[in-house]
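Taking it in order: structure first as structure tokens, then the write-up.
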Amino acid sequence: MTWQPADPYDELPELPPKVELETKQVLKAVIEARTALATLGQAARRMTNPTVLINSIPLLEAQASSEIENIVTTADDLFRFAHDELAATNPATKETLKYRTALFAGIRLIETRPLSSKTAVQVCTIVKGHEMDVRKLPGMFIGNPATRAAIYTPPSSENVIRDKLDNWESFLHQPGGLDPLVVMAVAHYQFEAIHPFEDGNGRTGRIMNILMLMSAGLIDQPILYLSRYIIQQKDDYYRLLLEVTRDGNWEEWILFVLEGIRTTALSTVVKIDQIQDLQNETLSTIREVTSAANADLLAVLFEQPYCRISNVVSRCGVSRPTATNWLNALVRERVLIDIKAGRERIFINSKFFNLLMRPEIAPETEPTFF
């Protein structure tokens, strides 16, 4: 059966594809991507406080992944309400924070059982904020909602969708053979092509990417900001997905994903180095202008770019007047800026916040200092 954009793709081929996936170019790119991930792992392990990265990158990943689906919020709102989702008033902020919650829930799930289609259902349920299951009604298509012109129509039968998901799950765990990075690239295409849910497929699929990498032991924590790469290359992302469907162009798609992993990993290494430099600079100022001689105050300022007086009181074990004096001193030194939020003050580590927002350029080759 020839694929047609407007017809449900119930004949979506099962995995693995009946073509050579690990071509010479792909294998070369796999080595480069794996080297970059190993470099990222080394850089993360040398951080004195990895929580700084673990708290920040998933929020930025959530923002970019949601933006791909035209759910747009600001990093400012995300960090401000990171520890109090219920206080967020912007619906897009609430929905984006659900992505972060779903990612960490998925990580907990794969700690106790293998990644599966059930994991995807549970992740999508959290992403959407209500119970989700595979689609049961026809009518889903990807295209122009105004003209109803279809670019792609996924499988429509519930039984077909469940069969395709079973095959997708089996492919994830087939013994031997393909490199896990190639498996991830192929599985991501297939998940998006199945499009099993009424909504939330893209965000769920991108969470699955991180979970696949963690399940394979290629990253220890969710610190790969892959959705930034996708949103920067959004046209190519959708073009190459379609080319796999239309032309069977697997090689270019896999190379695209591998290059995203490589550049994202190496740009994160650059960011880690910059964070550590800023932490050292900030710690010197803390020692000069406060009586805080331990790392707790530094941790408060970097585990989230936003903090409150109560955070310092709790973490550092000091009185409220002492915490207030410390934070005021850092405002005077322009380490922090403060804003009013209702009856309380919020202190922002603006240099750290700006550093997180700044896109880094990945070096062409592995840094020589490892």
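Assorted remarks:
- For a label point 7 Å along the Cα-to-beta-carbon line of Ala216, residues of the range 1-32 with backbone N under 19 Å: 15-32
- Based on DSSP H segments of at least four residues, each scored -39500 (n - 2.57), the chain has a per-residue ellipticity at 222 nm of -19500 deg cm²/dmol.
- Applying the Kirkwood pairwise sum to the alpha-carbon positions of the chain produces a hydrodynamic radius of 22.1 angstrom.
- Label-point separation in nm, Ala149 to Gln42, each point 7 Å along Cα→Cβ: 5.1
- Dipole of the range 24-265, positive end: most advanced residue of Thr147, Gly200, Asn55 [Cβ charges, Cα centre]: Asn55
- Shape of the range 166-237, Cα gyration tensor, a/c cut at 1.5: oblate
- Mean separation of Cα contacts under 8 Å (6+ apart) over length of the range 24-265, as relative contact order %: 28
- The ellipsoid equivalent to the alpha-carbon distribution of the range 29-139 has semi-axes of 26, 21, 14 angstrom, derived from the gyration tensor eigenvalues as √(5λ) and listed largest first.
- Virtual paramagnetic centre 7 Å along Cα→Cβ of Glu111, amide N under 19 Å, in the range 82-104: 99-104
- The residue list Cys124, Asn159, Thr93 was ranked by how far each Cα lies along the charge dipole of the range 57-166 toward its positive end, using unit charges on Cβ atoms, and Asn159 comes out on top.
- The chain: angle of helix 320-332 to the longest principal axis, Cα-based, in degrees nearest 10: 80
- Bridgeable lysines around Lys351 (alpha carbons under 30 Å apart, same-chain partners fewer than 8 residues away excluded): Lys94, Lys98, Lys234, Lys271, Lys340.
- Seen against the Cα atoms of the chain and their longest principal axis, helix 117-128 is set at about 50 degrees.
- Taking the longest Cα principal axis of the chain as reference, the axis of helix 24-45 is set at about 20 degrees.
- Inter-label distance, Phe104 to Gln232: 2.7 nm, where each label sits 7 Å from its Cα along the C-beta direction.
- The chain, dipole about Cα centre (Lys/Arg Cβ +1, Asp/Glu Cβ -1), debye to the nearest 20: 1340
- Exposure proxy order (Cβ contacts within 10 Å, fewest to most) of Val335, Val160: Val160, Val335
- For the range 181-195, Karplus couplings with θ = phi - 60° (6.51, -1.76, 1.60), whole Hz, Gly/Pro x: 5, 5, 4, 4, 4, 5, 5, 5, 4, 4, 4, 5, 6, 5, 6
- Nitroxide proxy distance, nm - points 7 Å out along Cα→Cβ at Val270 and Val289: 3.0
- Taking the DSSP beta bridges with both ends in the chain, the antiparallel portion is around 100 percent.
Values quoted throughout were computed directly from the atomic coordinates according to the rules given, and no laboratory measurement underlies them. Keep in mind the model is a prediction, meaning the values are calculated, not measured. Neighbour counts are summed over all protein chains in view; Cβ atoms, including those assigned to glycine, are modelled from backbone coordinates with ideal geometry.
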